[in-house]
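Notes for the one structure printed next.
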Amino acid sequence: MRELWQSVLRASGSLRWQIIALCVLPTLYLFASVVWYAYSARDREVREELRNHGQTVATALADRSAYALSQGQLAQVKESVQALLKSDPQILSVTIYGDKRQAVLHEASTKGQTRVADMNTEAVIRQPLYWVSLQQSGSANGAQSATLNQEKIGTVRIALTAKQALAKRSQQFSVGILITSLALLVSMFVVTQLSGRLTNGLEQAMQAIRAIRQGERPERLVALDRGELGELQQSINQMSDSLDAARHRMEALVAERTSELEQSRNDAWAAREEIRHLLGRMHEAIEQERQSIAVEIHDELNASLVGTKLLAQRIVQLAQDGNPQSQQDIVQLAGQIAEISRSLYANGRQLVQRLRPEVLEVLGLAGALEEMLRVAQQSCPAMRFEFQAQDNWPELSERLAISAYRIAQEALSNTMKYAQAKTFRLHLHAESDQLLMQISDDGCGFEPGQASQGIGLAGMRERVMALQGEIQIRATKGAGCQIRVSLPLQSSQT
């Protein structure tokens, strides 16, 4: 029903026809429901009245024919039945049966010979009642009560037709339908007139709105109605005046916006030059790191290897001498070689850690960050380090894990070097298809514009941009720093 109603409203098109449909269709539905109910009730009521009438006539006829049937005198009953058939057109035939269901009297009207009965009713004929007073000698009261006999001696069957009653009711029904139809037509005429008056004003308003939409100034509307329609027309007039004034203001702002766009273009070129400068600084920092690693390899590893070589040669000489004192010297030199080897191993691991965080492969991203904060806590016990991460983690690519680790490492390094903070917080979790990392401290903060030349923040931005992520840095002088990094997890699959 709902889909049918919506399809009718869509098919009606104009607002006027929609209003007519909204008013007329429910009325038609109500009219049809009332007609259907009245028609159904008419048939039920006629049949109920016919059943009651037949039962009453059958009972009365059974009472009147009880004595005649018991005495075998049916002439008077026959005359009564014929008179009943003539006076009551609803009765088609009357049949009286004996006690063994044999027909002893059957009378039918002239119409009943060709019609089929719509209903049959029956009444039982019982033996008539008698009072008998008998004197019995020797009885105490000199009298005996009468006995009651109500045996069934026959049946009266009446066949009835509902045609006359239905015809009468149909006539009444037709008159009611005619009156209701006239009222429906009058209401439809009134709805059509009122909807036309309403939609004419709306059509004028729509024409004005179309003109405004096309950039034209519409003619001023004359409000003919004091209700909502008149208020709408006045609002359209005011809107037209406001749009005309706004058009002039927009024309005045175009030149200003053009100059601002030119300034923005110049600022973009300046920002591009700044990015080039930052990239140059980054490459310079990378080269410095490489040079530092090379110096460490040359100074530390090479010197240790030369010392190890000299100790090994001395061990060979002592072994050739074969003195007991030489044996002790050999043990001492072997211990020195072991200590140098441990130092070489530690230096090598530090260099590897600087080039690639090995802890990521062992502990994963969350474990590596937690270990990084634990080491920072040992080196700086005056600060408090907080770490929070979810329990289950999706599989991350090596590139994504290293980038997230380096970003957090750079933020921690900046906080410990410059922020003078008491608390450092790092929250790590995955949400939807993003890896989110929130870093904050309660240090002295900084001015973002002045810190933009630093290589640390630029490196963080470059790592985020390389993974097509987002980074937000909020810092205020004296109010700490907050960094929010969002990296797409799909980069884990690339």
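The values are calculated or read from the model by the stated rules, or taken from the named source; none is laboratory data. Only a predicted model underlies this, so the values are computations on that prediction, with no experimental measurement involved. Cβ sites come from the backbone with ideal geometry, for glycine too, and all protein chains shown count toward neighbours. Quick note on the areas: whole protein, heavy atoms, side chains included, nothing else; ligands and nucleic acids left out. Shrake-Rupley method; radii C 1.70, N 1.55, O 1.52, S 1.80 Å.
Contact map, region 155-182: first residue touching a residue at least 24 places away in the same chain (Cβ under 8 Å) and closer than 14 Å to residue 47 by Cβ, second residue polar (S, T, N, Q) and not in a helix (DSSP H, G or I), Cβ cut-off under 9 Å, separation 6 or more or different chains; pairs are 160/90; 160/120; 160/121; 161/90; 162/90; 163/90; 164/90; 165/90. Beta carbons closer than 6 Å, at least 6 apart along the sequence or on distinct chains, pair a first residue in region 29-54 that is at negative phi with a second that is surrounded by 15 or more Cβ atoms within 10 Å (Cβ to Cβ) and at pLDDT 80 or above for 50/119; 50/160; 54/121; 54/158; 54/160. On inspection, residue 336 qualifies as open to solvent by 60 Å² or more (accessible area, probe 1.4 Å), at pLDDT below 80 and farther than 28 Å from residue 414 by Cβ. Among the residues making up region 149-206, those that are part of a helix (DSSP H, G or I), at pLDDT 75 or above and of a type in the set (Ser, Thr, Tyr) are 170, 174, 180, 181, 187, 192.
When residue 386 is tested against (1) open to solvent by less than 40 Å² (accessible area, probe 1.4 Å); (2) touching a residue at least 40 places away in the same chain (Cβ under 8 Å), exactly one condition is not met: (1).
None of 145, 137 is at pLDDT below 70, open to solvent by 70 Å² or more (accessible area, probe 1.4 Å), within 30 Å of residue 71 (Cβ to Cβ) and not acidic (Asp, Glu) except 145.
Once region 220-255 is narrowed to residues that are closer than 24 Å to residue 195 by Cα and among the charged types (D, E, K, R), the residue that is modelled with the lowest pLDDT is 225. Looking only at region 157-182, residues that are of a type in the set (Val, Ile, Thr) and within 30 Å of residue 56 (Cα to Cα) come to 2 in all. On inspection, residue 399 fails the criterion of being of a type in the set (Lys, Arg), in contact with a strand residue (DSSP E or B) (Cβ under 8 Å, 6 or more places away or on another chain) and open to solvent by 40 Å² or more (accessible area, probe 1.4 Å).
Regarding region 396-412, can at least one residue be identified that is at pLDDT below 90, over 21 Å from residue 464 (Cα atoms) and of a type outside the set (S, T, N, Q)? Within region 396-412, not a single residue is at pLDDT below 90, over 21 Å from residue 464 (Cα atoms) and of a type outside the set (S, T, N, Q). The helices (runs of 4 or more DSSP H) found entirely in region 1-106 that carry 1 or more residues being at pLDDT 75 or above and open to solvent by 30 Å² or more (accessible area, probe 1.4 Å) are 15-71, 75-87.
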